[in-house]
Amino acid sequence: MKLKHIFYGLLVVLLAASCREDDTIIYPSEHSIGEVTHTKYAGLYILNEGNMGSNKATLDFLNLDSGKYYRNIYPSRNPNQIKELGDVGNDVQIYGNSLWIVINQSNKVEVANAHTAVSRGHVDIPNCRYLAFQGQYAYVSSYVGKINEKSVLGAVYKVDTATLKVVDKCTVGYQPEELVVQDGKIYVANSGGYNGMSSLGYDRTVSVIDLSTFKVTKTIDVGINLFRLRSDKYGKLWVSSRGDYDQTPSNLYVIDNDKVEDVLNIKTDGFDMIGDSLVSYTNRQGKPIFEVVDIRTHKVVNSNFLKVPEKYPIKIAYGLIIHPITCDIYVMDATNYVSSGKLFCFDKYGNYKWHTLTGDIPGHGCFLLRN
């Protein structure tokens, strides 16, 4: 059965059985992108952050079988969810048959069926940020919060993926962001974002958690205000710094054997990797820049990769994800941060293919394997 038929069949059942009389069901809008891609990946979820305090986090879905893009699918899949997804979408990943959605300011991780987007429940985690998985557990980074207006250390929460219960918690550095599970360890990028203007200053460490004890065994000094953290095909870690937004620019670092192997001096707001290539983006003087770094040599091999048409400019590059098979590059454009964003698609050579409207502030995505 085709994925779109599953979605529509389920929608009819839900509307017939679950609607409250005083609710207005929000149906997803649909747009054809004019392209069909048949691989083992059936689609791409896009999580739109929405503005803080506006309760406008939304979930979109690109059906790669039908070539159609659906905006804001979550309300119609879950008509009994009073506040829909919630306030500020921060990460989205698929593990097994479940879709995990971090809703930062609503202090929860929503968990849904990966193929239908129907909710399984949620996990209450304060100021949650990013996800990683290993075995039967999900690991969620958390700022934890402020106490009496003072910044406190962050944590990684350990969640049983079957019961959706928190089973453990490990304190790490200040305001942890992305995390990676590798070689029996969890690596956590600490930002210290709350401390930037205080006497504490930004954090500059990667915490290393031993999976067997769930305790921090070491910290790696890297650079201020760390953010993205990814593992390459050779087992090395790539971590980005956002800098101090003034004198110290963003940067990209390589970690190997639990120590900094290289400092690339490349400005970056985010990146994704495929094969031996890392595609990085940054926004400079009102224009996004896309570069390709050779993972083996750590050198920039293309400083102007994506051919963005003048007719359809990208205003603010806010997220990027690469198709694991076709190598198509999907760029999320936050536009003006207050109205609909855009999703752009480029082929593996950087040629423009298409774009479509998304929800407000698209920034996170994950691919769905077909059944």
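The values are calculated or read from the model by the stated rules, or taken from the named source; none is laboratory data. No experiment lies behind these values; they were computed from the predicted model shown. Note that we place each Cβ from the backbone using ideal geometry, even for glycine, and neighbour counts take in every protein chain shown. What goes into the accessible areas is simple: the full protein's heavy atoms, side chains included, and nothing from ligands, DNA or RNA. Shrake-Rupley method; radii C 1.70, N 1.55, O 1.52, S 1.80 Å.
Against the conditions (1) closer than 24 Å to F290 by Cβ; (2) exposed (fewer than 14 other Cβ atoms within 10 Å of the Cβ); (3) of a type in the set (V, I, T), where does V180 fall short? Just the number, please.
(2)
Go over the candidates K146, K158 one by one and state the one that is in contact with a strand residue (DSSP E or B) (Cβ under 7 Å, 6 or more places away or on another chain), touching a residue at least 24 places away in the same chain (Cβ under 8 Å) and of a type in the set (K, R).
Just a single option satisfies the conditions, and that option is K158.
Restricting attention to strands (runs of 3 or more DSSP E) lying wholly within segment 68-117, give those where 2 or more residues are in contact with an Asp or Glu (Cβ under 6 Å, 6 or more places away or on another chain).
Those strands (runs of 3 or more DSSP E) span 68-71, 98-103.
Out of all the residues in segment 229-241, which are without any contact (Cβ under 8 Å) to a residue 60 or more places away in the chain and surrounded by fewer than 22 Cβ atoms within 10 Å (Cβ to Cβ)?
R230, S231, G235, K236
Within segment 298-332, work out how many residues are open to solvent by less than 60 Å² (accessible area, probe 1.4 Å) and more than 19 Å from F367 (Cβ to Cβ).
Of the residues in that region, 9 qualify.
Is there any pair linking a residue in segment 95-116 that is at positive phi to one that is outside any loop (DSSP other than H, G, I, E, B), with Cβ under 7 Å and at least six apart or on different chains, and which?
N107/D124; N107/C128
Take the residues of segment 334-371 that are on the phi < 0 side of the Ramachandran plot and either of a type in the set (V, I, T) or in contact with a His (Cβ under 6 Å, 6 or more places away or on another chain) (or both): which is surrounded by the fewest Cβ atoms within 10 Å (Cβ to Cβ)?
It comes out as V338.
Please verify whether V123 is in contact with a Leu (Cβ under 6 Å, 6 or more places away or on another chain), closer than 25 Å to L226 by Cα and modelled with pLDDT of 95 or more, treating the condition exactly as stated.
no
If you go through segment 269-278, how many residues are open to solvent by less than 10 Å² (accessible area, probe 1.4 Å) and touching an Asp or Glu at 6+ places or on another chain (Cβ under 8 Å)?
Residues meeting the conditions: 1.
Taking segment 254-271 only, how many residues are charged (D, E, K, R) and either in contact with a Leu (Cβ under 6 Å, 6 or more places away or on another chain) or not in a strand (DSSP E or B) (or both)?
Residues in segment 254-271 being charged (D, E, K, R) and either in contact with a Leu (Cβ under 6 Å, 6 or more places away or on another chain) or not in a strand (DSSP E or B) (or both): 3 in total.
Suppose the filter is within 19 Å of D91 (Cβ to Cβ), of a type outside the set (V, I, T) and open to solvent by less than 30 Å² (accessible area, probe 1.4 Å); does Y130 pass it? Steps first, answer last, please.
Working: within 19 Å of D91 (Cβ to Cβ): yes; of a type outside the set (V, I, T): yes; open to solvent by less than 30 Å² (accessible area, probe 1.4 Å): yes.
When the stated conditions are applied, Y130 passes them.
For segment 35-48, does any single residue satisfy the condition of being at pLDDT 90 or above, open to solvent by less than 30 Å² (accessible area, probe 1.4 Å) and in contact with a Cys (Cβ under 7 Å, 6 or more places away or on another chain)?
Yes, because at least one residue in segment 35-48 is at pLDDT 90 or above, open to solvent by less than 30 Å² (accessible area, probe 1.4 Å) and in contact with a Cys (Cβ under 7 Å, 6 or more places away or on another chain).
Cβ-Cβ under 6 Å, sequence separation 6+ or interchain: first residue in segment 283-303 and of a type in the set (D, E), partner open to solvent by less than 40 Å² (accessible area, probe 1.4 Å) and assigned to a strand (DSSP E or B). Which pairs?
Matching pairs, first to second residue: E291/S280.
Across segment 333-359, what is the number of residues that are among the acidic types (D, E) and more than 15 Å from the chain's Cα centre (by Cα)?
Counting residues in segment 333-359 that are among the acidic types (D, E) and more than 15 Å from the chain's Cα centre (by Cα) gives 1.
Restricting to segment 272-313, count the residues that are modelled with pLDDT of 95 or more and not in a loop (DSSP other than H, G, I, E, B).
Of the residues in that region, 22 qualify.
So, in segment 355-371, of the ones that are of a type in the set (A, V, I, L, M, F, W, C) and in contact with a Leu (Cβ under 9 Å, 6 or more places away or on another chain), which residue ends up nearest to G50 (Cα to Cα)? Can you show your working first?
Taking segment 355-371 first, the residues of a type in the set (A, V, I, L, M, F, W, C) are 357, 361, 366-369.
After this cut, where a residue has to be in contact with a Leu (Cβ under 9 Å, 6 or more places away or on another chain) as well, the list is 357, 366-368.
Values: L357: 14, C366: 18, F367: 21, L368: 22 Å.
For segment 355-371, the residue satisfying everything is L357.
Taking only segment 198-220 into account, find how many residues are of a type in the set (V, I, T), over 20 Å from L252 (Cα atoms) and in contact with a strand residue (DSSP E or B) (Cβ under 7 Å, 6 or more places away or on another chain).
3
Answer yes if at least one residue in segment 242-263 is among the aliphatic types (A, V, I, L, M), closer than 17 Å to V152 by Cα and open to solvent by 10 Å² or more (accessible area, probe 1.4 Å), and no otherwise.
No; the residues of segment 242-263 include none that is among the aliphatic types (A, V, I, L, M), closer than 17 Å to V152 by Cα and open to solvent by 10 Å² or more (accessible area, probe 1.4 Å).
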